[in-house]
1. Which one is surrounded by the fewest Cβ atoms within 10 Å (Cβ to Cβ) among residues in the range 93-102 that are part of a helix (DSSP H, G or I) and either in contact with a strand residue (DSSP E or B) (Cβ under 9 Å, 6 or more places away or on another chain) or touching a residue at least 24 places away in the same chain (Cβ under 8 Å) (or both)?
2. Quick check on my filter: what residues within the range 288-307 are in a helix (DSSP H, G or I) and either in contact with a helix residue (DSSP H, G or I) (Cβ under 8 Å, 6 or more places away or on another chain) or at pLDDT below 95 (or both)?
3. Looking at this structure, is residue 43 without any contact (Cβ under 8 Å) to a residue 12 or more places away in the chain and surrounded by fewer than 21 Cβ atoms within 10 Å (Cβ to Cβ)?
4. Mind listing whichever residues of the range 295-325 are within 21 Å of the chain's Cα centre (by Cα) and under 23 Å from residue 187 (Cα atoms)?
5. Across the range 202-245, what is the total count of residues that are assigned to a helix (DSSP H, G or I) and without any contact (Cβ under 8 Å) to a residue 24 or more places away in the chain?
6. Would you confirm, using the coordinates I've provided, whether residue 28 is over 25 Å from residue 108 (Cβ atoms) and buried (at least 24 other Cβ atoms within 10 Å of the Cβ)?
7. Go through (1) surrounded by fewer than 21 Cβ atoms within 10 Å (Cβ to Cβ); (2) in contact (Cβ under 8 Å) with a residue 40 or more places away in the chain; (3) within 23 Å of residue 228 (Cβ to Cβ) for residue 128 and report which single condition fails.
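The values are calculated or read from the model by the stated rules, or taken from the named source; none is laboratory data. Keep in mind that this is a model prediction, so the values were computed, not measured. Cβ placement follows ideal geometry from the backbone for every residue including glycine, while neighbour counts extend to all protein chains displayed.
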């Protein structure tokens, strides 16, 4: 095992797959000469050359058009969005082209491409750079949507995405990019550990129970999984045993694992980073109600971000972002406390 930062896990996955398969190439703004967004492709241009590390114009439509066309021609592009917010500029390319081409051509064409980039609340990046818009992708058939929370899952899921024959949206948790291994391991021992095996992958559609518990189930993904683990630590100090389920992927979505947990704890809190209205937490809560209603001893609780554009001021950003204390309050509410 290696102890890695989240960002290092991204670099490791990209390099290993580019070494293993010469069809894999990276395209995006400043991925080459300027070392990539937040440095994750640093040194790649020198190592792999300009045909495989392609600096593009500032055009998300162009980046994804290049990706879709080259994927149809047999290559395996990794299209980097400097921020996943910017994929909205090319939403038509994602929804009406990448997601539908294989279906519309009866399987004659595959679209083995990855669209990846940092997502969610960063550190005072304000309204246009602090969104986690996974619900806009997870709503669409033909896509796969990946939301890793740990360095191991970041590496394993990204490698799985690069080997998949369908378009995969990999939304990376900006808030976790440079979190030190010691900080992660203090939240949960071994949280920063990543297998050294170059063939290590993580399957899509398989949630992971990161912490066992008996009193309440906390369900999260991406940064919210870490917030759930922090909340579970606080609850444990008060004698409340919380089980933490990390969904890992939203499409495909594994509901069997959280449902099995709820059948044990009889209480559920679903946590998402972005606005609650019409969000992924609403879908997950609805499925719990449909499939485990008689196992619940209390209504499902949702914890979400505030329904406002993200403020720039740090104090306002902090109260707009779901905290571990918000999760603790919701868990206690399911227990009648």
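1. Ranking the candidates gives 95 first.
2. Residues satisfying the conditions are 288, 291, 292, 295.
3. Working: without any contact (Cβ under 8 Å) to a residue 12 or more places away in the chain: yes; surrounded by fewer than 21 Cβ atoms within 10 Å (Cβ to Cβ): yes.
Here the answer is yes, as residue 43 does meet what is asked.
4. Of everything in the range 295-325, those that are within 21 Å of the chain's Cα centre (by Cα) and under 23 Å from residue 187 (Cα atoms) turn out to be 302, 303, 304, 305, 317, 318, 320, 321, 322, 323, 324.
5. Qualifying residue count, the range 202-245: 3.
6. For residue 28, the condition - over 25 Å from residue 108 (Cβ atoms) and buried (at least 24 other Cβ atoms within 10 Å of the Cβ) - is met.
7. (3)
Residue-by-condition table, conditions (1) outside the structural domain of residue 137 (by TED's automatic domain parsing); (2) in contact (Cβ under 8 Å) with a residue 60 or more places away in the chain; (3) more than 24 Å from the chain's Cα centre (by Cα); (4) not in a loop (DSSP other than H, G, I, E, B):
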| site | (1), (2), (3), (4) |
| --- | --- |
| 7 | no, yes, no, yes |
| 17 | no, yes, no, yes |
| 57 | no, no, yes, no |
| 69 | no, no, yes, yes |
| 78 | no, yes, no, yes |
| 82 | no, no, no, no |
